[in-house]
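Trainee: First, the structure itself, so that you have it in front of you.
The values are calculated or read from the model by the stated rules, or taken from the named source; none is laboratory data. Model, not experiment: these values are computed from the prediction. Here the Cβ positions follow ideal geometry from the backbone for every residue, glycine too, while neighbour counts run over all protein chains shown.
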Amino acid sequence: MEVEVMEKASKTLGTMLDYLGIEASVKAMEKGESVVLTVFSEDAGRIIGRKGMTLQSLQLLLNRIVSRGDRRGPRILIDVDGYQRPGRGAQRGERSFNRDGGSREDRGRCERAPRGGVDRGLTPEKEEQLKVRAMEAAKEAKRWGDPVTLPPMNAAERRIVHLALESDEEVTTESLPPDREGGRLKSVRVVLNQQA
C-alpha cells in the first residue's frame, strides 16, 4: 500500500476535525487492504454522533476525498476511541503513521495520545516561549489588575498556556471565541482572580 495514501488520509481527517472545531489526534495504520485511522479525542461523542451517523458520514466523505473516484484504492476505516475498531490494535510489523506523516513500526496496541490533543509539531523551544509568554501575561495582570489577552493560537498552544498557569492561584485563564467571522484561532485571556 502506498505510504502517500495513509499520510493523505490522516492529514485530511485531521483537517476535517479542525474545521469542525474538534481537538483530536489522528494515527493511521495499515490493516490488510484497509487503512485504519485511530482518533483519540475528548469529543469522541461528537465525532461518533447519534447511532454512529456522524462517524459514518465522515468515513464516507473521507473515502471519496482520498480515492478521487479510484475504486481500487484502499478502504479507509475510522476508529474513534475504540468505537468501530476493526481489530485489537496493530499486529507486529504493520506500518503506522501519525497525523504528521511520520512512520514507525507498531509493535502492539496504539498508544493513547496525550490528553487534549492534536500534535501540532510544537518544538520544545516553542513550548518554552509560550510558557514564558503566559508567565509574563500573568505578571502583567497581577501588576495592573486588568485582563491580558494573548494573540490567537491553535488548540495545542492554548493548552500549554492554560497548563503553565493552572497552579497560579492568583489568575484564571479562559479561551475566547475567534475575534472575527470565519476565524478558527482562539485567544487566551489571563484574568486576575477577585480577592474576597
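Trainee: Looking only at the stretch 140-153, how many residues end up being loosely packed, with under 15 Cβ neighbours inside 10 Å and assigned to a helix (DSSP H, G or I)?
Mentor: Count: 2.
Trainee: Any residue in the stretch 133-149 that is at negative phi sitting within a Cβ distance under 9 Å of a residue that is polar (S, T, N, Q)? List the pairs, counting only those 6 or more apart or interchain.
Mentor: Matching pairs, first to second residue: ALA134/THR173; ALA137/THR149; ALA137/THR173; ALA138/THR173; THR149/SER187.
Trainee: Hey, among the residues in the stretch 113-140 that are among the aliphatic types (A, V, I, L, M) and modelled with pLDDT of 90 or more, which one's nearest to the chain's Cα centre (by Cα)?
Mentor: Step one: list which residues in the stretch 113-140 are among the aliphatic types (A, V, I, L, M), which gives 113, 118, 122, 130, 132, 134-135, 137-138.
Subset that is modelled with pLDDT of 90 or more: 130, 132, 134-135, 137-138.
Values: LEU130: 18, VAL132: 23, ALA134: 21, MET135: 25, ALA137: 25, ALA138: 26 Å.
In this case the residue turns out to be LEU130.
Trainee: Quick one: which of LEU165, LEU130, LEU122 is in contact with a Ser or Thr (Cβ under 8 Å, 6 or more places away or on another chain) and surrounded by 13 or more Cβ atoms within 10 Å (Cβ to Cβ)?
Mentor: Working: LEU130 fails: in contact with a Ser or Thr (Cβ under 8 Å, 6 or more places away or on another chain); LEU122 fails: in contact with a Ser or Thr (Cβ under 8 Å, 6 or more places away or on another chain).
Of LEU165, LEU130, LEU122, the one residue that is in contact with a Ser or Thr (Cβ under 8 Å, 6 or more places away or on another chain) and surrounded by 13 or more Cβ atoms within 10 Å (Cβ to Cβ) is LEU165.
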